[in-house]
């Protein structure tokens, strides 16, 4: 359904956006995963072993930076293309309407539809991106904390 709203000419852009989002999520997960052995070695005082984990962590962070940049750039382009497509479809439809359709009430509703309502729909692209990334950044729930702390949730400072 969302791909149909974007249009056939923009499906490649959606695919590249999803690929960049996947690359960012994988690199972020890899970076967090590499922090565990690095911090374990540092806390044990073994800086030599910790140094072995730094290149991998650095590479994951650099890949994450580039993937995040690509993801944000493609999200902006996707929102712009989607907005342009909506305006084109609305314009094509309005031009085909008979003159009798344009009474006082509908003529006043048309600028609101084309202005505010299209902007609301375009903002949903950004909201979708935020909602997709939210589960990866969500703090653990109190039920998962209670299993590790003996039934009492840890304080939140």
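Please find, among 152, 156, 146, the residue that is over 25 Å from the mean Cα position of the chain (by Cα), closer than 29 Å to residue 24 by Cβ and modelled with pLDDT under 75.
Among 152, 156, 146, only 156 is over 25 Å from the mean Cα position of the chain (by Cα), closer than 29 Å to residue 24 by Cβ and modelled with pLDDT under 75.
Taking residue 63, is it more than 30 Å from residue 118 (Cβ to Cβ), touching a residue at least 40 places away in the same chain (Cβ under 8 Å) and over 15 Å from the mean Cα position of the chain (by Cα)?
yes
Is it true that residue 78 is free of Cβ contacts under 8 Å to residues at least 60 places away in the same chain and touching a helix residue (DSSP H, G or I) at 6+ places or on another chain (Cβ under 8 Å)?
no
Quick check on my filter: what residues within the stretch 10-21 are more than 10 Å from the chain's Cα centre (by Cα), free of Cβ contacts under 8 Å to residues at least 24 places away in the same chain and within 15 Å of residue 69 (Cα to Cα)?
If the condition is that a residue be more than 10 Å from the chain's Cα centre (by Cα), free of Cβ contacts under 8 Å to residues at least 24 places away in the same chain and within 15 Å of residue 69 (Cα to Cα), then 19 is the only one that fits.
Can you name the number of the only condition in (1) modelled with pLDDT of 85 or more; (2) on the phi > 0 side of the Ramachandran plot that residue 7 fails?
(1)
The values are calculated or read from the model by the stated rules, or taken from the named source; none is laboratory data. Since we're looking at a predicted model, the values are computed, not measured. Counting neighbours? That spans all protein chains shown, and the Cβs are built from the backbone with ideal geometry, glycine included.
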